[in-house]
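Have a look at the structure below, then the notes.
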Amino acid sequence: MGIRSERLYERACKRMPGGVNSPVRSFRSVGKTPFFVEKAAGAFLIDVDHNRYLDYVCSWGPGILGHAHPAVVDAVRRACEKGLTYGAPTEKEVELAELVNECVPSLEMMRLVSSGTEACMSAIRAARGFTGRDKIVKFEGCYHGHSDGLLVKAGSGLMTESIPDSAGVPAGYAENTLLAVYNDTESVARLFDAYRDQIACVIVEPVAANMGVVPPSEGFLSFLRRITEENGALLIFDEVITGFRLALGGAQEYFGIRPDLSAFGKIIGGGMPLAAYGGRRDVMSCIAPLGPVYQAGTLSGNPIAVTAGLETLRQLIAHPELYRQIDEKAARLEAAYREKGLTVNRVGSLLSCFFTGDPVTDYRSALRSDTKAFASYFANMLERGIYVAPSQFEAMFVSAAHSDEMIERTCRAIREAI
């Protein structure tokens, strides 16, 4: 880290908890202090000390086209000239909802919100309102944002900091959250047997990406679809990370499973604060002003964020070959990690290397990873100008801006760094 980043971090620590506005950015789990970004372009981040990093964090997923894509930036610039926020409906909100429905048919109706946390929280509220039930099922190591009832063995930054739950959450908020084991159908079946006619929904990352990338085992998602239907509960896919990344139709297209409700974030906003939740028309008709389930937001459907999302999706629709290309590049990275004897999980352009020789199929097997070895690897990659997520339990993202030469450079760095 350079001198300017060091000084900025000292200043930040006086005014922000840990010097950051989101915990994993602090680099604490890898024993370092963060660099501060000045700008980004294509596949690169440039920090305030003029260091240049080849970026595989991609702002934690939304940068599928790369940073500052010219078409997206131009569209946003033109939109800014018309005003930044209105608190009133715009035509572009309707256009985005129609375009999302074309890509993801299960979203018959939807609401735009500002974050993935808000989308997941609101989808669960809709499920409870529609079913008249209180209990929900989530999976150990799956992260669905930081709303109170979901901070129970939630993975991601919580795993990195070894905090299974969050202080400040009353026991009553979490008592209706039932925990199952990802990829373990029996753990789900036992909950439905024990709480018959009490479970409103099952919420799941169709590809877990907050305990590192953990793909669903064969038949796991179809089992969740079946058991929720049989018990009058709803199935919610948290596609905040997988949406528009695995395919235009997200994980539900990729795996051929149609959920009742979904939460989308990251790519849907093209790098701006935007998310959405939606699904079946009868369920979404419970949302105010049509029904009794209340949800609102002054910045929901913000015109600048909607503009960035629209242009990003239009680029993906116009260039469907991007999905095949980034998948192939991610496969080359996977091969480089496997050469070093690591366990690698990959689904499309999402991947994680785990510092363990054992398979990683759930939260508990992810926790067997050697986090000290990961910290050494992270430092070695950063010295070589490669920025990967500063946590063993996060995903690596490949973008359309990563060229073949950049991928080869990264493969060389992997061989040297581990």
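The values are calculated or read from the model by the stated rules, or taken from the named source; none is laboratory data. From a predicted model like this one, the values you see are computed outputs, not experimental measurements. Counting neighbours? That spans all protein chains shown, and the Cβs are built from the backbone with ideal geometry, glycine included. We work out accessible area using only protein heavy atoms, side chains counted, and drop any ligands, DNA or RNA first. Shrake-Rupley method; radii C 1.70, N 1.55, O 1.52, S 1.80 Å.
Determine, yes or no, whether residue 400 is within 30 Å of residue 312 (Cα to Cα) and open to solvent by less than 10 Å² (accessible area, probe 1.4 Å). Against the criterion (within 30 Å of residue 312 (Cα to Cα) and open to solvent by less than 10 Å² (accessible area, probe 1.4 Å)), residue 400 does not qualify. Any residue that is out of contact with any Cys (no Cβ under 7 Å at 6 or more places or on another chain), open to solvent by 10 Å² or more (accessible area, probe 1.4 Å), in a loop (DSSP other than H, G, I, E, B) and of a type outside the set (D, E, K, R) - is there at least one of those in the range 206-214? No, the range 206-214 contains no residue that is out of contact with any Cys (no Cβ under 7 Å at 6 or more places or on another chain), open to solvent by 10 Å² or more (accessible area, probe 1.4 Å), in a loop (DSSP other than H, G, I, E, B) and of a type outside the set (D, E, K, R). Being within 20 Å of the chain's Cα centre (by Cα), within 27 Å of residue 181 (Cα to Cα) and among the aromatic types (Phe, Trp, Tyr) is a property that residue 139 has.
Being under 23 Å from residue 67 (Cβ atoms) and at pLDDT 95 or above is a description that applies to residue 316. Could you say whether any residue in the range 358-369 is among the basic types (Lys, Arg), in contact (Cβ under 8 Å) with a residue 60 or more places away in the chain, buried (at least 16 other Cβ atoms within 10 Å of the Cβ) and out of contact with any Pro (no Cβ under 6 Å at 6 or more places or on another chain)? No, the range 358-369 has no match at all. Every test in (1) farther than 18 Å from residue 397 by Cβ; (2) in contact with a helix residue (DSSP H, G or I) (Cβ under 6 Å, 6 or more places away or on another chain) is passed by residue 16 save one, and that test is (2). Looking at the range 52-59, is at least one residue within 22 Å of the chain's Cα centre (by Cα) and without any contact (Cβ under 8 Å) to a residue 60 or more places away in the chain? Looking through the range 52-59, none of the residues is within 22 Å of the chain's Cα centre (by Cα) and without any contact (Cβ under 8 Å) to a residue 60 or more places away in the chain. When the range 395-407 is limited to residues that are part of a helix (DSSP H, G or I) and in contact (Cβ under 8 Å) with a residue 40 or more places away in the chain, the one that is farthest from residue 385 (Cα to Cα) turns out to be 404.
Scanning the range 109-129 for residues that are part of a helix (DSSP H, G or I), in contact with a helix residue (DSSP H, G or I) (Cβ under 7 Å, 6 or more places away or on another chain) and of a type in the set (Val, Ile, Thr) yields a count of 0. Residues in the range 208-233 that are aliphatic (A, V, I, L, M) and more than 21 Å from the chain's Cα centre (by Cα): 227, 233. Taking (1) part of a helix (DSSP H, G or I); (2) over 29 Å from residue 204 (Cβ atoms); (3) in contact (Cβ under 8 Å) with a residue 40 or more places away in the chain in turn, residue 376 satisfies each apart from (3).
Could you run through the range 42-56 and say how many residues are open to solvent by less than 10 Å² (accessible area, probe 1.4 Å) and within 16 Å of residue 406 (Cβ to Cβ)? The number of residues fulfilling the criteria is 4.
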